[in-house]
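Read-outs: derived from the displayed coordinates by stated rules, not from any lab. Owing to the predicted nature of the structure, the values given are computational and were not obtained by experimental measurement. Neighbour counts run over all protein chains shown; Cβ positions are idealised from the backbone, glycine included.
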Amino acid sequence: MSQRNIIILVVAGLIGVLAVYLANTWFSGVEERQQAIAEQQELVNIAVASQELAFGTALNTDNVRMVSWPRNSVPAGAFTDLGSIDPGQVAIRPIAVGEPILQSRISGRASLSANLPVDMRAVSIPVNAVSGVAGFVLPGDVVDVMLTRDNTTTVLLENVLVLAIDRRANDQETEPAVVDTATLQLDPVSAQRLTLARQVGNLSLALRNVENQEMGPRPRVTVADLGYFSAPPARARASNPAPRAPQPNSNPAPSRVASSGPSMSATPSAPEMTIIRGTQATEYEVPRYGSR
């Protein structure tokens with residue numbers, strides 16, 4: 001090998017070593033700058049979802065990753081180490097990409113009981129296309145429960161969270177569907193009231209704005225409030241008794257009988273009409289046309 005070729009090889013090797021050194025220096029500088037920025041902004045690493053996690057999805061290294069997060073805005077229940085997430089944990093609520101993994105959103109089993117707070121109960125009621133608001137009631141919605149019995153409707157419960165519709169517990173399924181049951185989250189006393197109400201009347205759901213949490217008045221609506229009466233109420237009839245029949249005269253005048261011609265019949269009584277004002281019914285005699 002000539003001396004020229006040897007010199008070329010030595011120079012190429014030196015250039016390669018220099019390139020590797022410069023690359024390592026640059027990458028080390030990037031890591032140091034990122035570390036300095038993290039220390040300056042007080043960032044910490046937390047576990048987030050790297051892909052959409054549906055109800056019941058098992059957590060693993062393919063769908064969970066660590067990212068930097070401002071220390072003063074780390075949500076309660078976040079994981080700062082992948083090793084702190086127990087094996088076999090599954091999502092019990094839908095988790096979006098980049099959303100922190102929280103202890104309240106995962107469990108050892110994908111069941112409805114894992115979604116319930118410790119002081120609440122889940123109760124199911126039958127619904128249909130009408131009582132279920134035509135299938136537009138979905139998991140995560142808030143409803144009022146109305147009870148109808150004896151021609152009277154009352155608001156039994158307000159601001160009730162819907163946990164599931166039939167067997168759907170995923171609030172990402174937004175397509176309306178006619179269902180048979182709705183599972184509601186209630187406190188123990190309200191759960192008893194709802195169970196008893198199923199036996200004494202018909203239940204219906206009223207969908208409300210999820211941001212409206214104010215308790216309103218609970219008026220009792222009856223048939224009388226519809227503005228139509230098929231017959232006077234019984235109480236109104238009792239307060240307006242029918243006129244008494246005329247007492248027979250103790251000394252009736254002798255009736256005159258015509259000697260000839262057809263017998264004279266008694267004059268028919270005048271017609272009557274009933275006027276209803278509110279719940280009061282009053283009867284009036286209507287004179288015949290031409291009579292005084």
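Which one of Leu112, Ala129, Val145 has its Cα pushed farthest toward the positive end of the charge dipole of the stretch 109-161, where Lys and Arg give +1 and Asp and Glu give -1 at the Cβ?
Leu112
What is the magnitude of the charge dipole of the stretch 1-144 about its Cα centre, with +1 placed on the Cβ of each Lys and Arg, -1 on the Cβ of each Asp and Glu, and no other charges, expressed in debye to the nearest 20?
Here the stretch 1-144 has a charge dipole of around 340 debye.
Ordered by packing density, taken as the mean number of other Cβ atoms within 10 Å over each peptide's residues, highest first, how do 18-31, 150-163, 200-213 rank?
150-163, 200-213, 18-31
Would you calculate the volume per residue, in Å³, of the smallest convex hull containing every Cα atom of the stretch 1-134? Can you show the working numbers first?
Numbers: hull volume 28.5 nm³, N = 134.
Per-residue hull volume (Cα only) is 212 Å³.
When only alpha-carbon atoms count, how far does the stretch 90-137 stretch along each of its three principal axes, as whole angstroms with the largest first?
Extents along the principal axes: 39, 28, 16 Å.
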